[in-house]
Each structure stands twice: as C-alpha cells, then as structure tokens.
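To start, the structure itself, in structure tokens.
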C-alpha cells in the first residue's frame, strides 16, 4: 500500500466521521448516519472522477464502504466521547479536507491535466463532499459561508506544487501540501480570518 492510498483511506475515515458526527447531532438512525458519512467521504471524489471522465473510484473497490462502516462503528463505540466534543467535527473535517485535496491533485496529474486544473480538482475533491453533507442535513454548506474553506484547499495545492517543483520526494510534497490545507483551515478559524461578505441591496430584500 503506497503513501497516497494511505492518505486516501485516512481522508475517507476522517470525512466519514465528520458526516456521521453531524448526522448524530440531527438524530439520524444508524443507516441514515452511514449514508451521510459515505456521501461526505466519496461525494467530492465522485464529482471529480465524472469531470475527469473516469469511473468513480468507490465503484471499483468496496474498501471505501468498509472504511465508512468502520467510521460508523468508531462513532457508535466511542459516541459518548466523540459526539459530545464540540471540536470533533471541525478537526476531522479539516483533516479530511487536507488529505482529499492532495488525493484529487495527484489523480488529476496522473491523467495528464495541468497543475491549475489539478488544484481545482483537488479543491473539488476536498470541498464538494462537505457541500453534499451539509445539504443532506439541511445546513448552509461551509463553503458558502465566510469561513476559509475551499481557499485552504487552493493554498495547500499551491504549496504542494511548489514542493514538487523544488524536487522534493512525492510523499514529502504530499504530506506538506495536506498539512498546509489543515493548518490554513485551523488557523483561519482560530484567528477568525475570513473573506469579506458580499453585501446586497438590503432595501430590495
């Protein structure tokens, strides 16, 4: 198992937990929580693969469904600790965001797309699953709020490209890129860094 595959499975586990954690807060049953977790974990990658004109990755091996089931089991077993921690969703979401961004970039590069397309595909892989998750649980998606979310993916993708351009080993460049996404997300929330809100004409609303 190579390093990128490990990243992929860890990202699946982290994102699935973030979805299951929110589903539990909405009082979903086990099946509903599993569906939300699975959609969170594979949604962005599915959209990416459709745009790249390749078969969706999870349809080629059952391991992603198994990893999501493991995430559900983890939340069930350690539920009283996981569900009650207010920061649990945020931490696992940030980890999944960083790991999936790199997976999306690598897969796009493997299909001979230029780096700017790869960064977009990486951002989509990281962020789109969260959009689908929030839609399923009837929340405003994080990507549409003023918090730094998708932009963190772009910054991490640029860091990855810089590291790769400098000749770093693939695994090291992947690790640094993922960490940059995670740190950008964590620091933006900690220090309340956000993009300006687009204000409309309140008189016409």
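The values are calculated or read from the model by the stated rules, or taken from the named source; none is laboratory data. Everything numeric in this text was worked out from a predicted model, so none of it was measured. No Cβ is skipped: glycine too gets one built from the backbone with ideal geometry, and neighbour counts run over all protein chains shown.
Can you say whether residue 199 is in contact (Cβ under 8 Å) with a residue 40 or more places away in the chain and farther than 25 Å from residue 90 by Cβ, as far as the supplied structure shows?
Taking the combined requirement at face value, the residue does not satisfy it.
For the structure I just gave you, tell me whether residue 156 is modelled with pLDDT of 95 or more, touching a helix residue (DSSP H, G or I) at 6+ places or on another chain (Cβ under 6 Å) and within 19 Å of residue 7 (Cα to Cα).
It is true that residue 156 is modelled with pLDDT of 95 or more, touching a helix residue (DSSP H, G or I) at 6+ places or on another chain (Cβ under 6 Å) and within 19 Å of residue 7 (Cα to Cα).
Among the listed residues 189, 193, 197, 140, identify the single one that is in contact with a strand residue (DSSP E or B) (Cβ under 7 Å, 6 or more places away or on another chain) and more than 17 Å from residue 104 (Cβ to Cβ).
Unique residue meeting the criteria: 189.
Residue check: is residue 39 part of a helix (DSSP H, G or I) and on the phi < 0 side of the Ramachandran plot?
Numbers: part of a helix (DSSP H, G or I): yes; on the phi < 0 side of the Ramachandran plot: yes.
Yes.
Could you list, in sequence order, all residues of the stretch 115-137 that are within 27 Å of residue 163 (Cα to Cα) and free of Cβ contacts under 8 Å to residues at least 60 places away in the same chain?
If the condition is that a residue be within 27 Å of residue 163 (Cα to Cα) and free of Cβ contacts under 8 Å to residues at least 60 places away in the same chain, then 115, 116, 117, 118, 119, 120, 122, 123 are the ones that fit.
Evaluate the stretch 48-65: report whether one residue or more is within 21 Å of residue 151 (Cβ to Cβ), crowded, with 23+ Cβ neighbours inside 10 Å and modelled with pLDDT under 95. Break it down stepwise before answering.
Taking the stretch 48-65 first, the residues within 21 Å of residue 151 (Cβ to Cβ) are 48, 51.
Within this subset, residues satisfying the condition of being crowded, with 23+ Cβ neighbours inside 10 Å are 48.
Subset that is modelled with pLDDT under 95: none.
The answer is no, given that none of the residues of the stretch 48-65 is within 21 Å of residue 151 (Cβ to Cβ), crowded, with 23+ Cβ neighbours inside 10 Å and modelled with pLDDT under 95.
Out of 88, 101, which single residue is under 21 Å from residue 185 (Cα atoms) and modelled with pLDDT of 90 or more?
101
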